[in-house]
Amino acid sequence: MMRGMGNMQGMMKQMQKMQKEMTETKAQLDSMEFIGEAGNGLVKITMTGERKVINVSITPDVLDPEDADMTQDLVLAATNDVLAKIEVETEKMMGKYTKNIPGF
């Protein structure tokens, strides 16, 4: 009976260690900055790993009052680019913790 308790305690310690590592990795990821680009760098969106926009850069040459749709398309493309980069890095860093957990 006690033997099973020892295994349970060991498993709990291992889970606590993994949870601490996961929290530290998530904090590291959240503090990272990612830049998405469109139009060969004419539009750049910078986000944190938490997916918060911290900077938008649009080259003045792109700002054509007669063609606002092009600027909007470039902003959209740069946003999707940065989100894809964050997703790749999130999977790389957090995947080892979440790959066998449903819903992650």
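Before moving on, here are some points about what is shown:
- Within the range 35-76, the ratio Rg/Rh, alpha carbon atoms throughout and Rh by Kirkwood, equals 1.01.
- C-alpha long axis of helix 68-98 to longest principal axis of the chain, angle in °: 10
- With a cut-off of 19 Å on the backbone N, the residues of the range 32-56 near the modelled label site 7 Å out from ALA77 along Cα-Cβ are 35-47, 56.
- What the Cβ-Cβ distance of LYS96 and GLU66 gives, at R0 = 41 Å and to the nearest 0.05, is a FRET efficiency of 0.25.
- Using R0 = 35 Å, the C-beta based FRET efficiency linking GLU24 and VAL88 works out to 0.95.
- Kirkwood analysis of the chain, using all unique Cα-Cα pairs, places the hydrodynamic radius at 16.4 Å.
- In the chain, the calculated helix contribution to ellipticity at 222 nm averages -21000 deg cm²/dmol per residue, counting -39,500 (n - 2.57) for every DSSP H run with n ≥ 4.
- Each Lys and Arg Cβ is given +1 and each Asp and Glu Cβ -1; about its Cα centre, the range 39-104 then shows a dipole of about 720 debye.
- Listed residue (TYR97, VAL43, ALA27) projecting farthest to the positive dipole end of the chain, Cβ model: TYR97
- Here the dipole of the range 1-75 is about 1260 debye; that uses its Cα centre as origin and unit charges on the Cβ of Lys and Arg (positive) and Asp and Glu (negative).
- Once the Cα atoms are used to define both axes, helix 2-31 deviates from the longest principal axis of the chain by about 10 degrees.
Read-outs: derived from the displayed coordinates by stated rules, not from any lab. Computed from a predicted model, the values in this text were never measured in an experiment. A quick note on method: Cβ atoms are made from the backbone with ideal geometry, for glycine too, and the neighbour counts reach across all protein chains shown.
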